[in-house]
Every structure is written in structure tokens, then in C-alpha cells.
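The values are calculated or read from the model by the stated rules, or taken from the named source; none is laboratory data. Model, not experiment: these values are computed from the prediction. Virtual Cβ from ideal backbone geometry, glycine too; neighbours counted across all protein chains shown. We work out accessible area using only protein heavy atoms, side chains counted, and drop any ligands, DNA or RNA first. Shrake-Rupley method; radii C 1.70, N 1.55, O 1.52, S 1.80 Å.
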Amino acid sequence: MNLSTAIPSFLEYLLNVRAYSPFTCLTYRHSLLNFLEAMGDIETKELTKPSLEAYYAYLNTRLAKDGSKISSRSKNTNLAILRSFLKFLKEDDDLVLDPRKVSSVKPEPRIMPTTLTERELTSLMLAPDTTTLSGKRDYAILNTLFSTGLRVSELAALTREEVAGVDKITVCGKGQKTRTVFLSANAKEAISAY
């Protein structure tokens with residue numbers, strides 16, 4: 001089987017059998033199409049250790065959207081996807097390259113995010129003009145985000161009915177996992193005012 005046939009098969013397996021989210025499948029697709037570009041449309045049995053070295057070299061020349069080289073984290077994501085793909089292929093064909101031969105690159109040191117100072121947080125919370133409807137909405141959003149730790153996408157998916165007059169909210173987050181978060185008194189008051 002050649003790569004151009006194996007990749008769609010693998011993506012269908014991820015979506016339908018493993019129940020991966022469509023967004024995860026898009027990430028896998030993008031990565032594997034880059035792999036196909038690097039290797040050419042070869043037979044899966046032709047993947048060898050030198051093929052891997054060529055792919056490592058290919059990843060080292062890839063550029064991010066801003067024109068810089070891709071990070072080691074992005075390279076490792078691509079390599080993890082490749083390992084998963086090879087594992088899938090190995091189930092049907094013992095001659096396929098062993099996924100354990102795909103090693104990760106050395107990660108870059110992680111830089112911890114900075115947090116807002118108390119003054120910055122106060123300034124942010126006072127920024128919305130609460131005399132207007134959009135200002136009341138923005139104030140309710142900020143209070144809800146701050147008091148619950150929701151992701152913006154989780155908050156954006158909520159309806160007014162789900163947050164009006166309640167003490168807690170159940171949201172569906174990353175990986176379709178549900179969790180319950182509790183609203184602070186300030187957040188409930190801001191939602192009521194909106």
C-alpha cells in the first residue's frame with residue numbers, strides 16, 4: 001500500500017473507530033500530508049531508518065507561519081503522529097517500519113506564562129463601560145472567565161439560559177470531556193445585570 005492510500009485509511013480509522021474529534025483529525029491530516037510531501041508517494045514497506053532521517057531533515061527546514069523554523073514541540077507533535085500512523089500500519093503488515101524507531105527531538109526549555117498583576121487585573125475588570133449593554137456583557141464575560149477558569153471557547157458555547165440564575169455550569173471542553181465549574185457571587189451578579 002502506498003502512502004497516498006494509507007493516509008486516508010488511517011484518518012478514517014481515527015474519525016470513525018477511535019472517535020477522534022474532526023479538529024484532531026485535521027491536525028493529523030496536515031502532518032501526514034507533510035510527511036507524504038517529504039517522502040513522496042512510496043510504498044509503506046519502503047519506509048526505513050534513512051527515510052526517518054530524511055523526515056527529520058525535512059522537519060528542520062519547515063517554517064512556521066511567521067517565517068521562523070518550527071519549534072521542537074511542533075516537530076515532536078509531527079513525530080508522535082507519525083508513530084501513531086506507523087503503529088496503525090504495523091497492525092496489518094509486519095514489514096512496516098517499527099514505530100518505536102521514531103524518536104522525539106530534544107524539547108526547548110518551557111517558558112512559563114506571566115500572570116497579571118493585581119493592578120492589571122483591576123484595570124481589566126474596570127475597563128467595560130457598565131452603563132451600556134455591551135459593557136455589561138463584557139463585564140459579565142470577564143467575571144465569568146475569572147471566577148470559573150473556563151476556556152474562551154467553552155464560554156462562547158454557553159447560552160444565556162445556561163448561565164442565568166445558576167450557581168454552577170457544566171461545560172463540554174477539550175476532548176469532549178464535561179466538567180462543572182462554580183460561579184462566584186460577582187459573576188452571578190454581573191450575569192444578572194446583563
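Couple of notes before you dig in:
- C-alpha center-to-center spacing [the stretch 5-49, the stretch 111-165] in angstrom: 39 Å
- GNM flexibility winner over the chain from M125, M39, M112 (Cα, springs under 10 Å): M112
- Pairwise FRET efficiency - K174 versus S9, Cβ, R0 = 35 Å, nearest 0.05: 0.85
- In the context of the full set of protein chains, residues of the stretch 1-85 present 57 Å² of accessible surface per residue (probe radius 1.4 Å, heavy atoms only).
- Solvent-accessible surface of protein heavy atoms, probed at 1.4 angstrom with all chains present, puts Y28, Y13 in the order Y13, Y28, largest first.
- Kirkwood Rh, angstrom, the stretch 116-194 [1 / mean 1/r, Cα pairs]: 13.0 Å
- Accessible area ranking (1.4 Å probe, heavy atoms, ligands and nucleic acids excluded), largest first, for Y20, Y55: Y20, Y55.
- Extension gain, T24 back to S153 (0.36 nm per residue minus Cα-Cα distance, nm): 44.8 nm
- With DNA, RNA and ligands ignored, accessible area of F35 (1.4 Å probe; Å², nearest 10): 10 Å²
- Restriction of the trypsin sites (Lys or Arg not before Pro) in the stretch 128-194 to DSSP coil positions whose beta-carbon has at most 10 other beta-carbons within 10 angstrom yields K177.
- Only helical runs count toward this figure. For the chain, summing -39,500 (n - 2.57) over DSSP H runs of n ≥ 4 and dividing by all residues gives -17000 deg cm²/dmol at 222 nm.
- Candidate aspartates and glutamates for bridging to K168, where Cα separation is under 15 Å - those fewer than 8 sequence places away on the same chain excluded: E154, E189
- Per-residue surface analysis assigns L121 an accessible area of about 40 Å², computed on protein heavy atoms at 1.4 Å probe radius.
- Only the Cβ atoms of Lys and Arg (+1) and of Asp and Glu (-1) were treated as charged; on that basis the dipole of the chain about its Cα centre amounts to roughly 440 debye.
- Top of G135, G67, G173 by mean-square fluctuation, Gaussian network on the chain, Cα under 10 Å: G67
- Modelled label reach - S184, point 7 Å along Cα→Cβ, the stretch 145-163 residues with backbone N closer than 13 Å: 145-150
- In the stretch 46-194, taking the dipole from charged Cβ atoms about the Cα centre, the farthest positive-side position among L52, S147, C172 is held by L52.
- Given charges at Cβ of Lys, Arg, Asp, Glu: the chain dipole, positive-most of V102, L63, S21: V102
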